[in-house]
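J.: Sharing a structure below in structure tokens format, with a few things to ask.
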Amino acid sequence: MGIDTHALLFLRRVRDTHGPFGKTATIGRQAVHVPSQVVEKLLGVPIELDPGTFCETVLVRHFGSTVVHSFDNSDYEGASHVFDLNDPIPTDFYDLYDTIIDSGSLEHIYDTRTVLKNITSMLKPGGQ
């Protein structure tokens, strides 16, 4: 799971139309699966990414995220919060995030109703 060229273009469009991402959460820890030269071309800024780089630095530097937290069922990739989103999320996470991004994790979460309720509960009013 991660950010590919299409996801990067989508994120750029969201930033350009809705502004900086602010406090951001990702569903799963998202790697950037785009070569540095493509990211440079799409974002118009020089950038050096190692293969498999996670998205936090890119989101902070180029999309206006103030902080990026990741939610995953496993600590394998070093997620900020290890939590099964098939279960209701603790109320501590309600109304916390301006932006929530998923680039390939929702299809692995079987309780669709609960995960979508979790995401909407985590999002601040007016969030994206």
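J.: Those residues that are open to solvent by less than 30 Å² (accessible area, probe 1.4 Å) and in a loop (DSSP other than H, G, I, E, B), I need them from the stretch 106-126; list them, please.
T.: 109
J.: Right, something else. What's the number of the condition residue 78 fails, among (1) surrounded by 15 or more Cβ atoms within 10 Å (Cβ to Cβ); (2) in contact (Cβ under 8 Å) with a residue 40 or more places away in the chain?
T.: (1)
J.: List every residue pair whose Cβ atoms sit under 9 Å apart, with the two residues 6 or more apart in sequence or on different chains, where the first one lies in the stretch 20-45 and is at positive phi and the second, anywhere, is among the aliphatic types (A, V, I, L, M) and modelled with pLDDT under 90.
T.: Matching pairs, first to second residue: 28/1; 28/106.
Here is a yes/no grid of residues against (1) within 27 Å of residue 82 (Cα to Cα); (2) touching a helix residue (DSSP H, G or I) at 6+ places or on another chain (Cβ under 9 Å):
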{"site": "3", "(1), (2)": "yes, yes"}
{"site": "8", "(1), (2)": "yes, yes"}
{"site": "22", "(1), (2)": "yes, no"}
{"site": "27", "(1), (2)": "yes, yes"}
{"site": "34", "(1), (2)": "yes, yes"}
{"site": "44", "(1), (2)": "no, no"}
{"site": "51", "(1), (2)": "yes, no"}
{"site": "54", "(1), (2)": "yes, no"}
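J.: Then there's this: Do we have residue 66 as polar (S, T, N, Q), in contact with a strand residue (DSSP E or B) (Cβ under 6 Å, 6 or more places away or on another chain) and either in a strand (DSSP E or B) or open to solvent by 40 Å² or more (accessible area, probe 1.4 Å) (or both) here?
T.: Spelling it out, residue 66 is indeed polar (S, T, N, Q), in contact with a strand residue (DSSP E or B) (Cβ under 6 Å, 6 or more places away or on another chain) and either in a strand (DSSP E or B) or open to solvent by 40 Å² or more (accessible area, probe 1.4 Å) (or both).
Let's see how each residue does on (1) exposed (fewer than 14 other Cβ atoms within 10 Å of the Cβ); (2) within 16 Å of the chain's Cα centre (by Cα); (3) hydrophobic (A, V, I, L, M, F, W, C):
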position: 13; (1), (2), (3): yes, yes, no
position: 23; (1), (2), (3): no, yes, no
position: 26; (1), (2), (3): no, yes, no
position: 44; (1), (2), (3): yes, no, no
position: 54; (1), (2), (3): no, yes, yes
position: 70; (1), (2), (3): no, yes, no
position: 85; (1), (2), (3): no, yes, yes
position: 94; (1), (2), (3): no, no, no
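J.: Please give the number of the condition residue 39 fails out of (1) modelled with pLDDT under 95; (2) outside any loop (DSSP other than H, G, I, E, B); (3) open to solvent by 30 Å² or more (accessible area, probe 1.4 Å).
T.: With respect to (1) modelled with pLDDT under 95; (2) outside any loop (DSSP other than H, G, I, E, B); (3) open to solvent by 30 Å² or more (accessible area, probe 1.4 Å), residue 39 is out only on (3).
J.: Continuing with this model, one more query. For the structure I just gave you, tell me whether residue 10 is within 16 Å of residue 122 (Cβ to Cβ) and modelled with pLDDT of 95 or more.
T.: So residue 10 fails the test.
J.: For the structure I just gave you, tell me whether residue 103 is surrounded by fewer than 16 Cβ atoms within 10 Å (Cβ to Cβ), in a loop (DSSP other than H, G, I, E, B) and among the small types (Gly, Ala, Ser).
T.: no
The values are calculated or read from the model by the stated rules, or taken from the named source; none is laboratory data. Keep in mind that what you see is a predicted model, and the values were worked out from it rather than measured. With ideal geometry, Cβ positions are generated from the backbone for all residues, glycine too; neighbour counts draw on all protein chains shown. Each accessible area value is taken on the protein alone, full model and side chains, heavy atoms only, with ligands, DNA and RNA left out. Shrake-Rupley method; radii C 1.70, N 1.55, O 1.52, S 1.80 Å.
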